[in-house]
Amino acid sequence: MEDRVPKYFILKKAIIKKIELEEYEVDKPIPSERELIESYKVSRITVRKAIDELVNEGYLYKIHGKGTYVKSDAYSQDLYSLTSCTEDVERFGLVPSKLLVDARMVKADTKRCKALNLTRDDSVFRLARVQLADQEALNYTVSFLPEKLFPGINQYDFGKHSLYQILENDYKVKFTKATRTFEAILAKGEIAKLLDVNEGMPIILFNCITLANINGREVPIEAFTCYYRTDKFKFYINQVR
């Protein structure tokens with residue numbers, strides 16, 4: 001029976017066992033490709049297939065130029081919490097920074113009009129950024145905010161500032177809730193490039209409407225789409241009965 005089991009699958013199980021026994025420690029590198037080839041007497045193709053599948057399954061993550069590491073559950077976010085990306089990164093003890101991709105006023109299209117209760121005559125502020133944690137890409141987010149609620153918002157440097165901190169401190173926004181949908185997709189084209197991952201890597205796509213209390217009324221203030229790397233980040237939901 002063992003002869004009929006693919007070698008990469010046997011190697012996968014061996015690596016998983018070492019992770020579970022903590023012989024391979026979280027956020028520490030596993031042996032190099034060459035070391036695995038020599039230890040298990042397998043080909044480079046076998047090693048790469050096993051590692052690629054373990055990355056896709058959430059056991060490992062890769063750092064370009066450094067190696068393959070054991071993934072930790074430490075970097076995870078409760079889907080019920082309403083926090084900014086900057087706050088999440090700081091909570092993990094990492095240094096947050098941002099790569100500004102786009103920041104400009106545009107006319108609201110049909111999708112944004114429906115999501116934000118706008119008309120086609122309204123404008124929205126389009127903000128696209130890559131969130132970095134210790135200089136590594138974590139997610140890519142494109143946000144839309146109504147200009148009429150946040151006049152002058154395009155004057156801020158969002159390559160340096162947290163969007164939610166600006167909204168709370170300067171526009172006196174009181175966040176109330178958010179509605180999110182999420183799905184697993186494959187990274188392609190510009191998204192893969194911005195996240196610094198290989199095309200075809202599984203990522204999580206969020207679509208979200210954020211609501212807040214402004215002048216005593218709860219209104220939608222933001223519609224955003226966010227692409228999250230899955231090799232560095234996990235999500236969880238606390239449920240009670």
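The values are calculated or read from the model by the stated rules, or taken from the named source; none is laboratory data. The structure presented is a predicted model; accordingly, all values stated were derived computationally and were not measured. All Cβ positions, glycine included, derive from the backbone under ideal geometry; neighbour counts span all protein chains shown.
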> Among the residues of the range 26-43 satisfying the criterion of being of a type in the set (A, V, I, L, M) and touching a strand residue (DSSP E or B) at 6+ places or on another chain (Cβ under 7 Å), which is surrounded by the most Cβ atoms within 10 Å (Cβ to Cβ)?
Replying inline: ILE30
> Out of (1) modelled with pLDDT of 90 or more; (2) surrounded by 13 or more Cβ atoms within 10 Å (Cβ to Cβ); (3) more than 22 Å from ALA137 (Cα to Cα), the odd one out for GLU23 is which?
Replying inline: (2)
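Residue by residue, here is whether (1) at pLDDT 95 or above; (2) assigned by TED's automatic domain parsing to the domain that holds ILE166; (3) crowded, with 16+ Cβ neighbours inside 10 Å; (4) outside any strand (DSSP E or B) holds:
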position: SER81; (1), (2), (3), (4): no, yes, no, yes
position: GLU90; (1), (2), (3), (4): no, yes, no, yes
position: LEU94; (1), (2), (3), (4): no, yes, yes, yes
position: ARG126; (1), (2), (3), (4): yes, yes, yes, no
position: ARG129; (1), (2), (3), (4): yes, yes, yes, no
position: ASN139; (1), (2), (3), (4): no, yes, yes, no
position: PHE144; (1), (2), (3), (4): yes, yes, yes, no
